[in-house]
1. Kindly express, to the nearest 10 degrees and within the range 0 to 90, the angle between helix 113-127's C-alpha long axis and the longest C-alpha principal axis of the chain.
2. Under a 1.4 Å probe, what is the accessible area of the stretch 1-72 per residue, stated in Å²?
3. Please sort 72-81, 32-41 by packing, taking for each peptide the average over its residues of neighbouring beta carbons within 10 angstrom, highest first.
4. With charges set only on the Cβ (+1 for Lys and Arg, -1 for Asp and Glu), what does the dipole of the chain come to about its Cα centre, in debye to the nearest 20?
5. Can you give me the % of accessible surface on the chain that is carbon or sulfur? Probe 1.4 Å, all protein chains present, nothing else counted.
6. Counting only helical runs of four or more DSSP H residues, what would the 222 nm mean residue ellipticity of the chain come to if each run contributes -39,500 (n - 2.57) and the total is spread over all its residues?
7. Could you compute how much accessible surface HIS48 exposes when probed at 1.4 Å, giving the result in Å² to the nearest 10?
8. Answer with a single label: of (i) 16.2; (ii) 16.8; (iii) 15.4, which was calculated as Kirkwood radius over Cα pairs in Å from the structure in view?
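The values are calculated or read from the model by the stated rules, or taken from the named source; none is laboratory data. Computed from a prediction, not measured in an experiment: that's the story for all the values here. Counting neighbours? That spans all protein chains shown, and the Cβs are built from the backbone with ideal geometry, glycine included. Side chains are part of the model used for accessible areas, which takes the heavy atoms of the whole protein and leaves out ligands, DNA and RNA. Shrake-Rupley method; radii C 1.70, N 1.55, O 1.52, S 1.80 Å.
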Amino acid sequence: MSIDMSQFHGVFIEESHEHLDTMERLLMALDINAPDLEELNSIFRAAHSIKGGSGIFGFDALTSVTHVMENLFDKARQNQFTFTAMVIDELLKAVDLLRSLLNDYSEDREIDLSLVEQMTVQVEGLLDPKEPEIEGFGFFD
């Protein structure tokens, strides 16, 4: 007997929107000078949950972006990453892109992989400040 995974898409999409709301709310309230560890843990778990579920459903665009975000939040939890206002702005743009991707998957629309790649590179660049930054690649600027 095979299981039709599409029946679970709606639940995943709904829960992922809730995770994104949590991420957005916590990022907007984050004290960049003294981030609260429990808040960082909550943001990390939200990204981790979206990444895991998107992998199960084959939503590779979501997996790509949330994977690099998860890495950033994990480093922040370990005091190996420092937030700035610019970092928060970029992460909020990533949250907006993830919302858009969820809607695309939900409506079975084509994914703009160039935006996904740009955001993935942008967030990876936040982790390695030696890399040149990609300024305003156009999504929600």
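1. Roughly 30 degrees between the two axes.
2. Solvent-accessible surface per residue comes out at 54 Å².
3. 72-81, 32-41
4. 360 debye
5. Ligands and nucleic acids excluded, carbon and sulfur give 49 percent.
6. -23500 deg cm²/dmol, from helical runs alone.
7. 90 Å²
8. (iii)
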